[in-house]
Amino acid sequence: MKENMKPIFDVFDANLKKIDAGEKFSLPSLYGESDWDQLYIGDKVMAGNQFLRQVRQGRYPDVKELPKDKQHGRRQYQKK
């Protein structure tokens, strides 16, 4: 993981602990919508790609990938 991604993933990891099983989320909602909006677009794309890859590789065994939200075009996840 690139060094500039560590603070973003620290927030993801901390906030994932607060989510109940069965709850759906997107990365902006997990990170915090207003804070997510302040991130550089390249960092958001990189974080999204890395998070998806890590979910698929099993680093987050309690997170399931869902289809993109049609309204916002955001990748959705669900905590198992």
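See the values below:
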item	result
One residue from D37, D43, D69 being in a helix (DSSP H, G or I), surrounded by 11 or more Cβ atoms within 10 Å (Cβ to Cβ) and either more than 11 Å from the chain's Cα centre (by Cα) or in contact (Cβ under 8 Å) with a residue 60 or more places away in the chain (or both)	D43
Candidates K18, K79 - the one that is without any contact (Cβ under 8 Å) to a residue 60 or more places away in the chain and among the basic types (K, R)	K18
Number of the condition not met by R74 [criteria: (1) surrounded by 14 or more Cβ atoms within 10 Å (Cβ to Cβ); (2) of a type outside the set (A, V, I, L, M, F, W, C); (3) at pLDDT 95 or above; (4) out of contact with any strand residue (DSSP E or B) (no Cβ under 7 Å at 6 or more places or on another chain)]	(3)
Flag if R59 is charged (D, E, K, R), outside any helix (DSSP H, G or I), exposed (fewer than 15 other Cβ atoms within 10 Å of the Cβ) and over 10 Å from the mean Cα position of the chain (by Cα)	yes
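One line per residue, one yes/no per condition, for (1) over 22 Å from E3 (Cα atoms); (2) among the hydroxyl-bearing types (S, T, Y):
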site	(1), (2)
S26	yes, yes
Y31	no, yes
W36	no, no
I41	no, no
F51	no, no
Q57	no, no
P61	yes, no
E65	yes, no
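The values are calculated or read from the model by the stated rules, or taken from the named source; none is laboratory data. All figures in this text were calculated on a predicted structure; none of them were measured in a lab. When we count neighbours, we look across all protein chains shown, and the Cβ atoms used for this are built from the backbone with ideal geometry, even at glycine.
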